[in-house]
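Down below is the structure, laid out as structure tokens.
The values are calculated or read from the model by the stated rules, or taken from the named source; none is laboratory data. Just so we're clear, the structure is a prediction, and the values are computed from it rather than from any experiment. Cβ atoms come from the backbone with ideal geometry, glycine included; neighbour counts cover every protein chain shown.
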Amino acid sequence: MKARAFWCMAGVFVLIAYAPSRAARPFETDDAGTVEAGTYEFEAAADYWDGMAQFGLCLKHGVTTRMDLGVAVGRSLLPEDERGYHGAEIGLKFGLVPDLLAVSVAGSFGTAEYGANLIFSEEIGIYSVHANAGYTAVPSTSDVDVTYGLVNEFAIGRVSLGVDIGGCDAAINRWLVGGRVAPADWIALDAGIGGDFEDAESFAAITGVWLAFPISKE
């Protein structure tokens, strides 16, 4: 996977591992929440379709009540000419106003490319909205891409459904419809289908699992 494709389209390897009550998997647009201090969250995810299969793992840790740190790694199985592991990514998120406004930065080991993102979240009853605006850049070059995303989500009990759209630079070039179910507070299962507005034949099925631990604290 090329760096530009990673940053613009996000994919399953974005550093997202948040509580089921917020904009979590399978959505690519981030939410303003951070991992609870002293706890961990883990995700395993897969994107696949005809001739395409990618898998990713992500681990995040709540460093303080307003900051978390995450590491993610991915592997492509198909197409064969892109088969292999991707360099690990590391991300840091800080809550400027807890659960309302946050900023995140992320980079990939082995490259100079980095990204920054401003995140807004608001919840009104069963409805929540999450908006992102950011950029990715390569130092000492003019290669800068503007990124953005918007999720509209509805939650009823332990089931959430939503629509995610976003893009890179001037094009709104991705969409995702999906949802998740949380059998317990520490686990959630998700699924969705997404594509590219610029390519009517571009689809991807998305599935994943989210875990939080320790399950209980004294």
Exercise. When residues of the stretch 77-87 are filtered for being in a strand (DSSP E or B) and surrounded by 12 or more Cβ atoms within 10 Å (Cβ to Cβ), how many remain?
Worked result: 2
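Would you point out which residue out of Phe42, Phe55 is part of a strand (DSSP E or B) and at pLDDT below 95?
Phe55
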Exercise. What is the one condition in (1) under 24 Å from Ser202 (Cα atoms); (2) in contact with a Gly (Cβ under 8 Å, 6 or more places away or on another chain) that Arg180 does not satisfy?
Worked result: (2)
For this session: Looking only at the stretch 164-173, decide whether some residue is at pLDDT below 95, within 25 Å of Ala112 (Cα to Cα) and in contact with a Cys (Cβ under 7 Å, 6 or more places away or on another chain).
Result: yes
For this session: Note down all Cβ pairs under 7 Å where the first residue falls in the stretch 151-178 and is farther than 19 Å from Ser121 by Cβ, the second is acidic (Asp, Glu) and surrounded by fewer than 20 Cβ atoms within 10 Å (Cβ to Cβ), and they're at least six residues apart or on different chains.
Result: Cys168/Asp145; Asp169/Asp145; Ala171/Glu198; Asn173/Asp196; Asn173/Glu198; Arg174/Asp196
